[in-house]
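Colleague: I'd like to ask some things about the structure below.
Only the coordinates and a few stated rules stand behind these numbers; no lab work does. These numbers come from a predicted model, not from an experiment. Here the Cβ is made from the backbone with ideal geometry for all residues, glycine too, and neighbour counts use every protein chain on show.
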Amino acid sequence: MLKSDGMRYNMNIRYEIRRKEHLFRQVPWKGEEQEALKAPFSNYLTEIAPGLKALIASLGEHYEYVSALSTDSRGFMVRVSKHAKSVNGRTMTTERGTVIRVMRGGLYSEYAFNEFDPLEAIGKAGEIRAALDRQLALMDACGVDIYKTGPLEDEPLELFAEMETGTLPEETDFDELIRQLTEVSKAASGAGEHVIDCHVVAQSTHISKLFLTKNRDLRQSYVYSEASVMPIGAKDGRNEMAFSGISGRKGPELFEELPALVERNVRKVGEMLDAKRVEPGEYEIITTPGVSGLIAHEAFGHGVEMDMFVKGRALGADYIGKRVGSDLVTMHEGAACAVNVTSYAFDDEGTLAGDVTEIDRGILKNGICDALAAKRLGTAPTGNGKRENFEHKVYTRMTNTLFDSGSSSLDEMIASISHGYLLDGSQSGMEDPKHWGIQCMVQRGYEIVDGKLSGKVVAPVCLTGYVPDLLGSISMVSTDREVFGNGGCGKGHKEWVKVADGGPYLKARARLG
């Protein structure tokens, strides 16, 4: 918690007392060693904060609850292949703007805008009030069912979090980065007999967010990066692409790890070019950590997003306190349960990051919830209220979704299977929260016969099933665990946000096709 006398909270759970004039500066103090680089909080957000507080005070005379979320995020995406190179000065999370949320008479409404002049705060308040009053009047008179919800919690809280990073996206030398990525692409393109090209994608974003209410002042700044190596192969009229990536709450220094992916991905695309189709049926399977993460995301992702409970659209609401998996299944969800691309200090409603145990030894314990849905359900928010950007509404969304580790080794798991497959390479997935059906597309499967890998590869593989049956069949869980943050997640067909997921190796039974 940050007090006005200059107490700084950082994500390493370490407190430091600094002079107030240094609060927003990235400089060492006399007599002290240089600290690790921290992502500096936005100067723009610092400058507009006083005006936003005045705006909130003015609107507070007319509404029962007022909040402001302001974002100033800068990022880039670089793509390199054999035939093309491009630099895009935006990523999925690049944005600058503010959204005002108000409540009166149990009805919530929002107003978003880009630039803001602190000197015109009072005039802006009048403009916003007129627009919001029109919205609220229309909502009140529309004659449809409306969820009337009381004011959100607004107990006093101040926080300032600048998270550590190695480098900053805004200081990247793009000529040098393109050179590095081109070398990776060339190395992959020339490494395999049938590799015809290799796409390399790298992106990095510096996020700063400011959340204000009458009693809250929360500020955070962090950098996340991700990159992928995708060799493309062709053989006998067949084309295949293998891909894997790296991610983390790190700066562009992360991209130095890309060369290590080349040999592995080139080998995988060669295997896929010679792969056969799997004979449809039910098999014993082992999932690699990436595929385990895909299952975690799809099985207990949208199905336990509690804004879906409000609407009666998720079967998970009927299973709280009931068994949904074997005793070996424990699952965590939250921005604070891992460190990756979506590990923030607070969500887009000013709720501090959480670590929710969704499943405890097979029993479904909790869902995840944004603040408004939590208010309507009479429960506590979990720090999962996320917007695609400031112009979009808040939904309950996933952050880090992970299976816990177990006590088995991969060798023991393989040795225990008479006939089945080791599934590797997550591709995409779908879930039906209403009926708990799941479908996961996996890049390839390695056949296991009599406790050994046979050398046969099948690709691609579609895993389907009923979530409690799939999780209930888990019989072994490995000791290791990984987290992957190269994907995004849509709610319905839109509302894309960054997510991360992962886990250990899992042994289960599933239908493959």
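Colleague: Please compare each pair in LYS375/LYS491; LYS386/LYS498; LYS53/LYS214; LYS53/LYS209 to a cut-off of 19 Å on the Cα-Cα distance and tell me which ones are over it. List each step's numbers first, then the result.
Modeller: Working: LYS375/LYS491 21 Å; LYS386/LYS498 10 Å; LYS53/LYS214 7 Å; LYS53/LYS209 15 Å.
Over 19 Å Cα-Cα: LYS375/LYS491.
Colleague: What order do you get for 450-459, 158-167 when each peptide is scored by the mean count of other beta carbon atoms within 10 Å, highest first? Kindly include the intermediate steps, with their values, before the conclusion.
Modeller: Values: 450-459: 14.8, 158-167: 19.6.
Averaged packing, sorted descending, gives the order 158-167, 450-459.
Colleague: Along the Cα→Cβ direction, 7 angstrom out, place labels at ASP469 and HIS83. What is the inter-label distance in nm?
Modeller: With each label point 7 Å from Cα toward Cβ, the separation is 4.5 nm.
Colleague: For the chain, build the charge dipole from Cβ charges (+1 Lys, Arg; -1 Asp, Glu) around the Cα centre, then report which of GLY106, PRO504, LEU258 sits farthest towards its positive end.
Modeller: Result: GLY106.
Colleague: Okay, next question. Taking the Cα centre as origin and putting +1 on Lys and Arg beta-carbons and -1 on Asp and Glu beta-carbons, what dipole magnitude results for the chain, to the nearest 20 debye? Spell out each step's value before the answer.
Modeller: Numbers: 60 positive and 74 negative charges, 118 e Å.
That gives the chain a dipole magnitude of about 560 debye.
Colleague: Let me ask something else. What does the net charge come to around GLU412 if you take all other residues with beta carbon closer than 14 Å to its beta carbon, with K and R at +1 and D and E at -1?
Modeller: Details: positive: LYS452, LYS507; negative: GLU284, ASP411, ASP480.
Residues close to GLU412 contribute a combined charge of -1.
Colleague: Continuing with the same structure: Whole angstrom only: what separates the Cα centroid of region 181-256 from the Cα centroid of region 131-170?
Modeller: 31 Å
Colleague: In region 281-512, with Lys and Arg counted as +1 and Asp and Glu as -1 at Cβ, which of these residues, ALA338, TRP436, SER326, has the Cα nearest the positive end of the dipole, that is, farthest along it?
Modeller: TRP436
Colleague: Please report the equivalent ellipsoid semi-axes of region 281-512, computed as sqrt(5 x eigenvalue) of the Cα gyration tensor, largest first, in whole Å.
Modeller: On the way: eigenvalues 188, 56, 50 Å².
Its equivalent ellipsoid spans semi-axes of 31, 17, 16 Å.
Colleague: SER42: net charge of surrounding residues, Cβ under 10 Å, Lys/Arg +1, Asp/Glu -1, itself excluded? Let's see the in-between values first.
Modeller: Working: positive: ARG74, ARG96, LYS209, ARG219; negative: GLU47, ASP72.
Residues near SER42 contribute +2 overall.
Colleague: Between Rg and the Kirkwood Rh of region 443-507, both from Cα atoms, what is the Rg to Rh ratio?
Modeller: Details: Rg = 15.4 Å, Rh = 14.9 Å.
Ratio value, two decimals: 1.03.
Colleague: Right, something else. Suppose only helical runs count, i.e. DSSP H with n ≥ 4. What mean residue ellipticity at 222 nm does that imply for the chain under -39500 (n - 2.57) per run, divided by all residues and rounded to the nearest 500 deg cm²/dmol? The partial results should precede the final answer.
Modeller: Numbers: 9 runs with 100 residues, N = 513.
Result for the chain, helices only: -6000 deg cm²/dmol.
Colleague: What span do the alpha-carbon atoms of region 118-260 cover on each of the three principal axes, reported in whole Å from largest to smallest?
Modeller: That works out to 67, 40, 28 Å along the principal axes.
Colleague: Calculate I(q)/I(0) for region 271-367 by the Debye formula, one identical point scatterer on each C-alpha and no solvent, and give its log10 at q = 0.11, 0.18, 0.20 Å⁻¹ to two decimals.
Modeller: Taken in order of the listed q values, log10 I(q)/I(0) reads -0.45, -0.97, -1.11.
Colleague: Compute the signed sum of charges (Lys and Arg +1, Asp and Glu -1) over the other residues within less than 10 Å, Cβ to Cβ, of ARG216. Provide the component values of the computation, followed by the final result.
Modeller: Working: positive: LYS214; negative: GLU153, ASP154, GLU155, GLU158, ASP217.
That works out to -4.
Colleague: Follow-up question, since we're still on this one. Which entries in the list LYS268/LYS365; LYS365/LYS507; LYS393/LYS434; LYS235/LYS452; LYS38/LYS186 go over 32 Å, if you measure between the two C-alpha atoms of each?
Modeller: Numbers: LYS268/LYS365 39 Å; LYS365/LYS507 23 Å; LYS393/LYS434 22 Å; LYS235/LYS452 28 Å; LYS38/LYS186 34 Å.
Long pairs (Cα-Cα over 32 Å): LYS268/LYS365; LYS38/LYS186.
Colleague: What is the dipole size for region 281-512, taken about its Cα centre, with +1 at each Lys and Arg Cβ and -1 at each Asp and Glu Cβ, in debye to the nearest 20? Walk me through the numbers on the way to the answer.
Modeller: Working: 23 positive and 30 negative charges, 104 e Å.
Dipole size: approximately 500 debye.
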